[in-house]
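The values are calculated or read from the model by the stated rules, or taken from the named source; none is laboratory data. All values derive from a computational prediction rather than experimental measurement. All Cβ positions, even for glycine, are placed from backbone atoms using ideal geometry, and neighbour counts span all protein chains on display. These area figures cover heavy atoms from the full protein model, side chains too; ligands, DNA and RNA do not enter into them. Shrake-Rupley method; radii C 1.70, N 1.55, O 1.52, S 1.80 Å.
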Amino acid sequence: EAASRAALAASKAKSEFLSSMSHEIRTPMNAILGTADLLTETPLNFDQSRYVGTLVSNGNALLELINSVLDLARMESGRLSLEATAFDLVEVVEKTIDTLAVRADEKQLELAIRFAPNVPTRLVGDPLRLRQVVTNLIGNAIKFTDAGEVAILIEQDPSSGKPGRLRFAVSDTGIGIAADKLANIFSAFTQADSSTTRKYGGSGLGLAIVERLVGLMSGRIWAESTPGKGSTFFFTAH
């Protein structure tokens, strides 16, 4: 029991340290990126412009990683809670689609969304965190799909008759995931195939955060996939 308490205390200390350090790192990173943006508005030659572009691109990637670590640390330390505000489901999802449409268009992918007829659109929940989940899943689908489409279906959860209980399905025609790897894809810093990290990038934190956010929404997340044919990620939320 003493060892168990010590382990729990160590785990909590680690989460609090990560949360604190992520916050401390994020502040100067924002200053660096802000300064880089100001620099782009000054007269620059071709090489200088290219260097600043590299700085901004990699800085944004680093900031995204820091934000993911901060979110994960806050969740593990129990410091992240969801808000309960009124929002419009169609507006939240369509704005999310709009931000990702350019990436899909660059790869010539069809990006489609369908709301089932009986889905309520005026809901109460945390639209920011819901958008974070949907953005991550659609972004992953686009990243791992080279041809075809990414489709989103939103419907009433068929396994529950409770009002406001929804099921989201994000399908793609991408590289797919091997059956023996599906169980691990929601673990932090894990990707289904290490070679995808080299080809597609990513830290392996996105799905771990999504799983925890879905849990806070009283839902669950799972995936079905066929290698070479595509994947479908489902999640429920109340």
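The residue of the range 50-66 that is nearest to residue 216 (Cα to Cα), among those that are open to solvent by 50 Å² or more (accessible area, probe 1.4 Å) and not hydrophobic (A, V, I, L, M, F, W, C), is 64. Which number in (1) at pLDDT 90 or above; (2) under 22 Å from residue 217 (Cα atoms); (3) assigned to a loop (DSSP other than H, G, I, E, B) marks the one condition that residue 145 misses? Looking at each condition in turn, residue 145 falls short on (2). Among the residues making up the range 215-236, those that are of a type in the set (Val, Ile, Thr) and touching a helix residue (DSSP H, G or I) at 6+ places or on another chain (Cβ under 8 Å) are 221, 236.
From the list 47, 71, which one is among the acidic types (Asp, Glu), farther than 23 Å from residue 211 by Cα and either open to solvent by 60 Å² or more (accessible area, probe 1.4 Å) or within 22 Å of the chain's Cα centre (by Cα) (or both)?
Details: 71 fails: farther than 23 Å from residue 211 by Cα.
Of the residues listed, the single one that is among the acidic types (Asp, Glu), farther than 23 Å from residue 211 by Cα and either open to solvent by 60 Å² or more (accessible area, probe 1.4 Å) or within 22 Å of the chain's Cα centre (by Cα) (or both) is 47.
Any idea which residue in the range 3-60 is nearest to residue 72 (Cα to Cα), counting only those that are of a type in the set (Asp, Glu) and part of a helix (DSSP H, G or I)? Even if it seems obvious, please write down each step before you answer.
To start, the set of residues in the range 3-60 that are of a type in the set (Asp, Glu) comprises 16, 24, 37, 41, 47.
In the following step, the residues that additionally are part of a helix (DSSP H, G or I) were identified as 16, 24, 37, 47.
On the way: 16: 11, 24: 15, 37: 28, 47: 38 Å.
Looking at the filtered set, the residue picked out is 16.
Among residues of the range 39-67 that are modelled with pLDDT under 85, those with a Cβ under 6 angstrom from a residue that is in a helix (DSSP H, G or I) and of a type outside the set (Phe, Trp, Tyr), sequence gap 6+ or separate chain, pair up as 63/29; 66/22; 66/25; 66/26.
Give me the residue from the range 148-186 that is hydroxyl-bearing (Ser, Thr, Tyr) and touching a Gly at 6+ places or on another chain (Cβ under 8 Å) and, out of that set, farthest from residue 233 (Cα to Cα).
By that ranking, first place goes to 173.
Could you tell me whether residue 30 is in contact with a Leu (Cβ under 8 Å, 6 or more places away or on another chain) and among the polar types (S, T, N, Q)? Step through it out loud before you land on a result.
Working: in contact with a Leu (Cβ under 8 Å, 6 or more places away or on another chain): yes; among the polar types (S, T, N, Q): yes.
It is true that residue 30 is in contact with a Leu (Cβ under 8 Å, 6 or more places away or on another chain) and among the polar types (S, T, N, Q).
Quick one: would you say residue 145 is β-branched (Val, Ile, Thr), within 24 Å of residue 227 (Cβ to Cβ) and over 17 Å from the mean Cα position of the chain (by Cα)?
For residue 145, the condition - β-branched (Val, Ile, Thr), within 24 Å of residue 227 (Cβ to Cβ) and over 17 Å from the mean Cα position of the chain (by Cα) - is not met.
When 213, 153, 182, 207 are checked against the criterion of being at pLDDT 85 or above, assigned to a helix (DSSP H, G or I) and open to solvent by 20 Å² or more (accessible area, probe 1.4 Å), 207 stands alone in meeting it. So which residues in the range 78-125 are under 22 Å from residue 149 (Cα atoms) and among the polar types (S, T, N, Q), if there are any at all? Of everything in the range 78-125, those that are under 22 Å from residue 149 (Cα atoms) and among the polar types (S, T, N, Q) turn out to be 96, 99, 108. As a summary of the residue check, residue 175 satisfies the conditions (1) within 24 Å of residue 75 (Cβ to Cβ); (2) open to solvent by 20 Å² or more (accessible area, probe 1.4 Å); (3) modelled with pLDDT of 85 or more except for the one numbered (1).
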